[in-house]
1. Mind checking which residues of the stretch B:102-121 are assigned to a loop (DSSP other than H, G, I, E, B) and more than 17 Å from residue B:148 (Cα to Cα)?
2. Is there a residue in the stretch B:30-40 that is under 30 Å from residue B:95 (Cα atoms), facing chain A (nearest Cβ under 7 Å) and either buried (at least 24 other Cβ atoms within 10 Å of the Cβ) or in contact with a helix residue (DSSP H, G or I) (Cβ under 9 Å, 6 or more places away or on another chain) (or both)?
3. Taking the stretch A:235-266, which residues are surrounded by 15 or more Cβ atoms within 10 Å (Cβ to Cβ) and not in a helix (DSSP H, G or I)?
4. Go over the candidates A:89, A:112, A:99, A:148 one by one and state the one that is touching a residue at least 12 places away in the same chain (Cβ under 8 Å), within 14 Å of chain B (Cβ to nearest Cβ) and surrounded by fewer than 20 Cβ atoms within 10 Å (Cβ to Cβ).
5. Take the stretch B:156-206 and flag every residue that is in a helix (DSSP H, G or I) and surrounded by 17 or more Cβ atoms within 10 Å (Cβ to Cβ).
6. Could you run through the stretch B:131-154 and say how many residues are surrounded by 19 or more Cβ atoms within 10 Å (Cβ to Cβ), touching a residue at least 40 places away in the same chain (Cβ under 8 Å) and under 22 Å from residue B:96 (Cβ atoms)?
7. Taking the stretch B:67-101 only, how many residues are in contact (Cβ under 8 Å) with a residue 24 or more places away in the chain, in a helix (DSSP H, G or I) and more than 11 Å from chain A (Cβ to nearest Cβ)?
8. May I ask you to list the residues in the stretch B:43-66 that are more than 8 Å from every other protein chain (Cβ to nearest Cβ), part of a loop (DSSP other than H, G, I, E, B) and under 26 Å from residue B:152 (Cα atoms)?
């Protein structure tokens with residue numbers, strides 16, 4: 001019997017695959033430091049949203065029923081939306097690599113296919129943790145008061161995991177469209193309605209019934225709810241956290257399989 | 001397409017754009033699965049043993065596959081880490097390659113600021129990090145200015161002296177002539193001739209007498225004079241020259257006398273060994289620069 005597809009084991013085992021992914025994640029992060037404007041752009045917009053919702057719209061949004069004031073309500077939504085938007089850079093980065101030929105070099109080397117994708121998403125994960133921490137500082141400046149350190153760490157971790165799972169959706173989109181500009185637009189447009197039609201910025205009860213139904217059926221609402229409970233200490237964590245984690249698991253499994261398959265096809 | 005390349009030698013795949021050269025290299029470098037046929041590198045099947053193949057090959061090409069946002073040094077270190085070289089070796093190997101390719105001064109600059117020639121040299125350096133036994137160079141000098149091309153040729157000649165097995169694709173006859181031990185002429189996805197540069201030239205025939213009319217108006221008269229030499233078929237070359245098979249130096253004197261008598265002015269007259277241009281023209285009926293669609297099927301042995 002002959003093996004038809006090279007397994008990671010053939011190139012030195014799982015340890016090497018992880019090591020390669022880390023090496024490539026390092027490359028990705030170095031790009032970020034070379035393009036500080038990218039980091040600025042991915043934080044300016046959410047900072048504006050914080051200010052906009054905190055001071056312009058916030059006064060007319062009633063969160064009394066949830067037991068927390070608006071700024072504490074808002075920041076969970078900001079965290080989740082910010083990482084969702086930041087995840088788009090995964091697909092853009094991959095499309096860029098594909099267009100530049102560097103992927104050909106990687107593919108002519110004995111490194112596992114998934115390491116190239118994992119390196120990209122892991123690097124983006126680190127970047128997203130950084131962005132969430134910046135947003136936390138901004139939030140604290142405008143009145144966010146995390147309930148406990150453990151809760152805060154949990155909130156950041158869950159948000160980052162959410163962003164990581166969305167990175168794999170973005171990876172699949174980027175590999176499917178292959179063009180940098182298209183990846184940028186295609187990765188972004190659907191996130192707008194998805195993140196706004198949720199409990200991110202307003203309590204679900206204020207939405208019309210049909211929109212509530214939609215909002216409840218997306219991964220955004222349970223994730224926002226779980227992050228909010230961890231940040232504020234109000235409400236029960238179990239149900240939204242479970243649903244959120246299940247969503248992420250499904251997204252990760254489905255999109256990583258789709259992405260790796262797509263990667264093999266296009267390259 | 002079928003060709004083979006003995007270890008330690010240089011094979012030049014010569015052909016126009018779209019002849020299938022790049023496709024052949026991509027198959028051998030495990031980037032593309034062959035639609036049909038088989039290909040092996042050092043006895044390893046490029047499909048079933050792709051992983052092992054990747055460990056012994058290096059690839060550099062017309063689209064310099066380097067990371068623009070990293071520095072030259074970082075690029076080479078990244079490649080070294082991905083080949084799992086020992087940490088100490090990664091730095092020394094990167095430094096040595098930067099030195100060898102005259103990139104030491106630019107080592108810590110971001111590649112985006114490099115010239116085309118520098119990028120190609122870095123790309124070539126990156127393909128050598130793991131000391132490959134077989135190196136694929138896909139049109140390494142396409143699009144480079146003559147000076148960068150010359151300096152890249154010198155580097156490649158060094159590699160060849162070190163005994164690297166090299167498969168080179170090119171659309172430049174001069175490049176194949178200078179760098180390759182053997183040349184496979186590729187057109188329309190098949191190898192239409194293979195041999196050393198001399199063997200290929202012999203295929204076209206022996207030396208020819210060449211003359212260039214001093215003005216296009218005297219072309220007809222020139223052909224007529226050459227025809228009267230009764231030395232063989234008179235050919236009008238795309239370069240504007242006229243040729244006729246020549247057996248010896250005596251024909252040059254005879255032609256000179258005949259031209260003077262007929263009053264035909266020429267700017268050049270002399271014997272010439274056939275060039276690869278002549279080879280290409282004879283074999284394909286068109287010049288190397290012409291383009292044809294790629295044929296997808298591929299068969300190659302190392």
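The values are calculated or read from the model by the stated rules, or taken from the named source; none is laboratory data. Computed from a predicted structure; not experimentally measured. No Cβ is skipped: glycine too gets one built from the backbone with ideal geometry, and neighbour counts run over all protein chains shown.
1. Residues of the stretch B:102-121 that are assigned to a loop (DSSP other than H, G, I, E, B), as a first pass: B:102-103, B:107-109, B:114-115.
B:107, B:108, B:109, listed by residue number.
2. Applying the first criterion (under 30 Å from residue B:95 (Cα atoms)) to the stretch B:30-40 yields B:30-31.
If we keep only those that are facing chain A (nearest Cβ under 7 Å) as well, we get B:30-31.
Now narrow it down to the ones that are either buried (at least 24 other Cβ atoms within 10 Å of the Cβ) or in contact with a helix residue (DSSP H, G or I) (Cβ under 9 Å, 6 or more places away or on another chain) (or both): B:30-31.
Yes, because at least one residue in the stretch B:30-40 is under 30 Å from residue B:95 (Cα atoms), facing chain A (nearest Cβ under 7 Å) and either buried (at least 24 other Cβ atoms within 10 Å of the Cβ) or in contact with a helix residue (DSSP H, G or I) (Cβ under 9 Å, 6 or more places away or on another chain) (or both).
3. If the condition is that a residue be surrounded by 15 or more Cβ atoms within 10 Å (Cβ to Cβ) and not in a helix (DSSP H, G or I), then A:235, A:237 are the ones that fit.
4. Values: A:89 fails: surrounded by fewer than 20 Cβ atoms within 10 Å (Cβ to Cβ); A:112 fails: surrounded by fewer than 20 Cβ atoms within 10 Å (Cβ to Cβ); A:148 fails: within 14 Å of chain B (Cβ to nearest Cβ).
Within the list A:89, A:112, A:99, A:148, the selection yields A:99.
5. Quick first cut of the stretch B:156-206, residues in a helix (DSSP H, G or I) only: B:156-161, B:173-179, B:197-204.
Listed by number, the residues that qualify are B:156, B:159, B:160, B:173, B:175, B:176, B:177, B:179, B:197, B:200, B:201, B:204.
6. Qualifying residue count for the region: 6.
7. Within the stretch B:67-101, the subset in contact (Cβ under 8 Å) with a residue 24 or more places away in the chain is B:67-73, B:75-76, B:79-80, B:83, B:85, B:93-94, B:97-98, B:100-101.
Retained after the next criterion (residues that are in a helix (DSSP H, G or I)): B:72-73, B:75-76, B:79-80, B:93-94, B:97-98, B:100.
From what's left, more than 11 Å from chain A (Cβ to nearest Cβ): B:72-73, B:76, B:93-94, B:97-98, B:100.
The qualifying residues number 8.
8. Of everything in the stretch B:43-66, just one residue is more than 8 Å from every other protein chain (Cβ to nearest Cβ), part of a loop (DSSP other than H, G, I, E, B) and under 26 Å from residue B:152 (Cα atoms), namely B:62.
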